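These notes are about the structure you will find just below.
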Amino acid sequence: MSRDPILLRALSALLAYPDAELRAALPEIVDAIRDTGGLCMRQKQDLVALADEIAGSDELEAEGRYVDLFDRGRRTSLNLFEHVHGDGRQRGPAMLELRQRYLDAGMEPIADELPDHLPLLLEYLSCRDAAEVRDTLGEIAHVLRQIGNTLLQRHSRYAAVMAALLAIAGEKDLDPRASAQPPENIDREWEETPAFASASR
């Protein structure tokens, strides 16, 4: 896989809160998606459909949909360590380690988001080489797949972003059958089944 920083930035932007600034940037984001050679036609079409949905929605409707998906319930949280550590004690050191990784690369996060916020991680990866991009996305592939499969179950076009990231990592695609549990059980299942096995096992 060749490194495509513009695509990674476009995917990061599509996962951002759909405020007026993002909506104004959507034509540029769509152009970046259509021009990339790193995705198949179906993946591009799904991403453009997401951008069109955001652009064609009432602003409050788009913002409300985003909040319902990503800010309410851990199963689709964009803060990656919630899927790994939950509220456990390991989350703090993991945050510090990831932030130091940014600093070691000469990048000082200026956003208010936590270091493990997926759009922020994608912005960082857009400045790194292809090997680090692939390795990092591969390390979090099961989290991306969990989020993506849940989004598919909720009939959300945002699932296209997770599918694209898995493709960039060379990982298997989303599987809607993996999310065939009732929506009301999603967060309960997250608490019972961590995304990663304990390192002590």
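Key figures for this structure:
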item	result
Among (1) in contact with a His (Cβ under 9 Å, 6 or more places away or on another chain); (2) modelled with pLDDT under 90; (3) more than 18 Å from Ser12 (Cβ to Cβ), the one test that His142 misses	(2)
Arg134 vs. criteria surrounded by fewer than 19 Cβ atoms within 10 Å (Cβ to Cβ) and among the charged types (D, E, K, R)	yes
Residues of region 1-12 that turn out to be surrounded by 20 or more Cβ atoms within 10 Å (Cβ to Cβ) and either modelled with pLDDT of 95 or more or part of a helix (DSSP H, G or I) (or both), as a count	5
Pick from region 2-23, criterion small (Gly, Ala, Ser) and without any contact (Cβ under 8 Å) to a residue 60 or more places away in the chain, ranking: nearest to Ser57 (Cα to Cα)	Ala20
Residue in region 24-37 that is in contact (Cβ under 8 Å) with a residue 40 or more places away in the chain, closer than 16 Å to Ala159 by Cβ and surrounded by 19 or more Cβ atoms within 10 Å (Cβ to Cβ) present	no
Residues of region 90-145 classified as within 13 Å of the chain's Cα centre (by Cα) and polar (S, T, N, Q), total	1
Filter result (loosely packed, with under 15 Cβ neighbours inside 10 Å, closer than 18 Å to Leu151 by Cβ and touching a helix residue (DSSP H, G or I) at 6+ places or on another chain (Cβ under 9 Å)) within region 43-71	Gln45, Ala49, Asp52
Filter pass, Ala94 being touching a Pro at 6+ places or on another chain (Cβ under 9 Å), small (Gly, Ala, Ser) and over 17 Å from Ala160 (Cα atoms)	yes
Among (1) among the basic types (Lys, Arg); (2) under 19 Å from Ile147 (Cα atoms); (3) surrounded by 12 or more Cβ atoms within 10 Å (Cβ to Cβ), the one test that Arg99 misses	(2)
Helices (runs of 4 or more DSSP H) completely within region 27-89 that count 2 or more residues being more than 29 Å from Asp4 (Cα to Cα) and more than 17 Å from the chain's Cα centre (by Cα)	59-70
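Every residue, every condition in (1) out of contact with any Pro (no Cβ under 7 Å at 6 or more places or on another chain); (2) closer than 29 Å to Thr36 by Cβ; (3) modelled with pLDDT under 95, yes or no:
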| site | (1), (2), (3) |
| --- | --- |
| Val48 | yes, yes, no |
| Glu53 | yes, yes, no |
| Glu63 | no, yes, no |
| Tyr66 | no, yes, no |
| Arg72 | yes, no, yes |
| His85 | yes, no, yes |
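The values are calculated or read from the model by the stated rules, or taken from the named source; none is laboratory data. This is a predicted model, so every value here is computed, not measured. Heads up, the Cβs are rebuilt from the backbone with ideal geometry, glycines too, and the neighbour counts pull from every protein chain shown.
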